[in-house]
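Note sheet for the following structure.
Read-outs throughout are calculated quantities, based only on the coordinates presented, and are distinct from any laboratory measurement. These numbers were taken from a predicted model, which means no experiment stands behind them. All Cβ positions, glycine included, derive from the backbone under ideal geometry; neighbour counts span all protein chains shown.
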Amino acid sequence: MTSGAKAFDPKIQALYYHHESAEAQHRVAEKDFITIKSVFSQVLAKFPGAYHGALALAWDSHETSPAEGKSAARHQVISRHHQSALNHDIEFQFTEQRLNKEEKNRLVHVLSHQPTGGLFKISLRLPGEMTAPLLSVFAVTQDENAADARHTSGPCYLLMAAGGVERYESFSELNSQLARRLSGTSGQDPLLKTLCLSDLARLPENHVVGNDDLDYEPCVEPMLHCHVAGLRNKQARDFDFLVQQAKASSDSYPAFLKKVSEVQVCAHVDEAMGHRFKSLSVRAEDLAQPQWLKYAEPADRELYAKLDRQYTERKQAVDALMDGLESLEVFARNEIGRYVRKHLGYSVDVQQVMISLSDEFDIQSGAFSIQNCKSLIEFAMLGLPTVSGDGEVILPAVHANPAFTFGFVKTMLNELDVQRRYRQQLRARLTHERTLRALTHRRDAALALSTMAALLQGHLVGERSLDLIHGVRADIVQDDVVMTLGSLKLAVNGVRFKDILVFRSRDAAGDDHYALYAPGAPGGQDLFGFNSWRQLSIEVGRWLAADAGARYLLDQSAITTEPDHSDFLEKVRRKGTLWSESSVVFHELDGDNFEERLSDATSHKIERALTRDESALVGFTHETTYANRGALALLENRINELDKAFVHTTQAMVSFEQFARREGSKLLNDYISSQGVGERVDTDTIFVDLDNADYVATPDFTEYSRLRSLTSLFMEGFSDQYAFTSKAPMYSSVGQDLRALPLYFAQRVDKALREAALGERYIQWIRQEFLNSSHEQYHYRRALFGRRLQFDMRLAAMREFLKGHLSTAQYQWLVQLIVSLDKQVLEQNKGLQDRIKRSSAAMFRFAGYTVQGVYMLRDFSSPDGDFNLLYTPDAPDGISFRKLTNYVELLGSPDMRRYYYLRVPYKGQPTVGSLFDAMDRNLPGRWITIENPEHQNTDRVTDIHDLYDEQISRIVADVDAQTRSTTERWIEKTYSIVRLLGAALLMPFPGAALAWTGLHLTIDMQRGLLAYHDGDRATASWFFGAAVYGALMGGAGVKTVVTHDKALIVKVGQWAVKKLAAQTG
């Protein structure tokens, strides 16, 4: 290509190939060499033209915009991205007060896709009476009617699609500065790269551009249209120039390809945007810094920066050690890539390999068909369902290979077993001595940074706590004073908080001092100093009074393999006097010095995280032809598809939280519009502080913040403990200027919260939408609901069988009984009727109340307790089927008591709660024995589809009983009832139900163990995310970021401007 077709002589030219495998079956045959030679010269002659065509096709082809999620031609997507970037740049400069409101509006108008006056294209005069356009660089005058840029007055602007916006006081200043930057004596300014390469080559070395060497021509098209057209033109011209240059030069082939690659991706734009992004981030970081850091002494700022760099270095060291195990997806991609190279001899992007599987099963309303298409990587992580017939492997055309069959995929996934091997290697890596040391060093750096941050914020009053922390970290030994490091432990069950550390000093006179390090603690403070253990304990207990604090403590202490303590924490929340000085105890960490003790804490955290994650794995000790990983994946996939179908039939169905957000936002936006204000609000993004009447410069929007969103307040509604006041500080989490809202907006919020009664309206809507038998979707929803519940039970039974918790006989009996719960299927299957004629499923009751979603399954023909089971889906102990013994045994643990308590109707909870309090006393026999007679039909499940009506009707009736009271129209408990309704509606959909109801305190059980953060606020970047900022600062340009997340730049840009607006507003 570089030498031209004429230079190729197939008789004397040798042909070589590079291949990733030297094995015989992967070598190119001699006949293929002959074929390649015969067509090579033909291809070379046509290649340049074909390449131009390919470039044009790439610009015009459609793709989905990551920012908008809509399909559009690529040139339109790029135009919108650059428009968004420039709009953010303008907004940023407006925030910095470099632009006023009028100037901002003028520039935003120029960026609209409409022609405008006062916009000029710029050209540079070259030697020999030639001109070269500065592509993507425009001059803008303040006067929209200006026809000649040189004779305009007032400020002017240089608008560069890749370089942002620059303001000049006059055209003369703009022109002279631009001429200076284009001169060769000023170095390689990015503006020179906007010239075509052929034009750039015509400029003599050290050329000087005079003020009269620039021409300004009115731009009659929209600016962004000219910009994209210029990019396309430059790309085509630059490619031709490189080909011609290569023919006349001795540049190496790799050097030529590198230059072509830069032209292909418009690297000059990429690099210019990268430089601009970095410069903005540097300026924005200073604006976004918290007050305590911005106004600290220079020496303190320097020390803080040094500690921040040290933390970053140690974090990078940990990241390097975890290379290849960053996530299950990364591991699976690498393993599959190696497997394909080994067995097929070539590389393929496994994310682009799609697998399509067909599946069909019956539901009450007819056949339910599934066409499941996922990437190979997804099936590797989730499991490949066992379906009848082969699936279809869809490969990109450039990677087509007849050996890459569905059979090959099945064999590969079975051999790789990426889920299990990933967790094995993850455990080995995280527990390796070198990794443990690196994690310990990183945690120490985070502690040092947090300590400095606490000092600058005034969180550590006096020097005693600071001296204690430094003394322990430095292993200082003092006479008559013992300083040590420990963790905090709950006395009720000995559970250690995973991140909380306690520094303790104790002298011979018994004078103790403690420094509590609680990274991510509610209230915005990570370090605390105390002169007694009682003070420390009471402070921790005080956190339970607020939802954020309770979530934090529960998350810090949650683990599956230790006794449950959520019941104790919940009781403390209801009755604070249960918390005392002795509720938490000091646990001294093992080790002879600080590093060893901190390593002990780190090891404990790692082990807890690994144990929690591994507890979800199925043991696969009893795999058979009918119960195996493929069958498990098939059930899971069917459940997912039923979920999608149910949601599709309920497009109007929203959770109460979504309902409150939608209706609450509408109420407020209607009021705003009635006041003639053009703003709009989203109740999810407006937060109020009900505990502190003073505004703060940097509100805490983290998970454990005490701030309440307006959505949550609308959900709670007006209650006896109504705490909202129109004087409460109000903040926007997205940087919206709330001062632009009507004067009495806060008063309107107060009125709306008192009168909206969204809970009652939601109940009315649920009844009409889901219990109306004449509704067109009613019977289809019942069919989906029933089959979904059946598959849930079968999935749970298979998991228990695979883990060895059920025998083969138990499993086979359960499957037949679960299948028989479909009345139509049972009536049509005489053999099934005979096999389960004395078996049945019945609702489970306690204290006379039905326990939602829990069922008794029994074979009355067998005296064996193995065939008298209780189905407990999503039980906290992870057991789905347990022997149905008696109430005392079933309700023996606090976590199971809470499980049953939350599943009984609201009106039955007081009775059930009273019985729980009496469980340890001698109860009458009627409260111990579980009644389940064979011929009692009251609670029998004869058709699983009837549970759709039963569950929703019962909860709605319960809500009616509570909300009809005129004296308790909106009592605080109403909110809990409405949430319980959501739980009933979504009970067969556990993922949605758990996330939606909020009946349990949220525990973050994230599976990404590599997101092993210590939670310190101080270690968080003040501005852009470390990955984005690091990639850009490393000189990789925007390409590196876009490769990983095309929408990331847009997201970061939007957040940055809004965050800065909030900071400066």
The alpha-carbon center of the stretch 337-389 and that of the stretch 195-212 are separated, in whole Å, by 56
Which whole-Hz couplings ³J(HN,Hα) result when phi for each residue of the stretch 359-369 is put into the Karplus expression 6.51 cos²θ - 1.76 cosθ + 1.60, θ = phi - 60°, listed in order with x for Gly and Pro? 8, 8, 8, 8, 10, 4, 8, x, 7, 10, 9
Over 32 Å (Cα to Cα) - which of Lys374/Lys666; Lys101/Lys121; Lys258/Lys374; Lys294/Lys575; Lys104/Lys259 fall in this group: Lys374/Lys666; Lys258/Lys374; Lys294/Lys575; Lys104/Lys259
Work out from phi, with θ = phi - 60° and the Karplus expression 6.51 cos²θ - 1.76 cosθ + 1.60, the ³J(HN,Hα) of each residue of the stretch 689-701, listed in order in whole Hz, and give x for Gly and Pro. 9, 8, 10, 9, 7, 9, 6, 10, 6, 10, x, 8, 9
Provide the FRET efficiency to the nearest 0.05 for the Asp943-Glu313 pair, computing r from the beta carbons and using R0 = 51 Å. 0.20
Figure the gain on full extension for Leu826 and Asn233 (residue separation times 0.36 nm, minus the Cα-Cα span) and round it to one decimal in nm. 206.4 nm
Whole angstrom only: what separates the Cα centroid of the stretch 488-565 from the Cα centroid of the stretch 223-253? 64
Stretched out fully, how many nm does the piece from His775 to Arg181 gain, at 0.36 nm a residue minus the Cα gap? 206.8 nm
Please work out the FRET efficiency for the pair Val220 and Ala248, using the Cβ-Cβ distance as r and a Förster radius of 35 Å; give the result to the nearest 0.05. 0.35
Distance in nm between label sites at Thr131 and Tyr295, each 7 Å beyond Cα in the beta-carbon direction? 5.4
Backbone N within the stretch 110-146 under 14 Å of label point (7 Å from Asp189 Cα along the Cβ vector): 122-125, 134-135, 137-139
Restrict the search to the stretch 795-857; then list the trypsin sites (Lys or Arg not before Pro) that DSSP places in a loop and that have at most 13 other Cβ atoms within 10 Å of their Cβ. Lys837, Arg838
Rounded to whole Hz, the Karplus (6.51, -1.76, 1.60) HN-Hα couplings of the stretch 144-157, x for glycine and proline: 5, 9, 5, 9, 10, 4, 6, 10, 8, 10, x, x, 10, 9
On full extension of the chain, what length is gained from Gln764 through Ser861, given 0.36 nm per residue of separation minus the C-alpha to C-alpha distance? 30.4 nm
Please find the FRET efficiency linking Ala509 to Gln425, where r is the Cβ-Cβ separation and R0 is fixed at 41 Å, and quote it to the nearest 0.05. 0.20
Pair Glu889, Ser153: separation of 7 Å Cα→Cβ label points (nm): 9.7
Suppose we take every Cα in the stretch 328-430 and form the convex hull; what volume per residue is that in Å³? 114
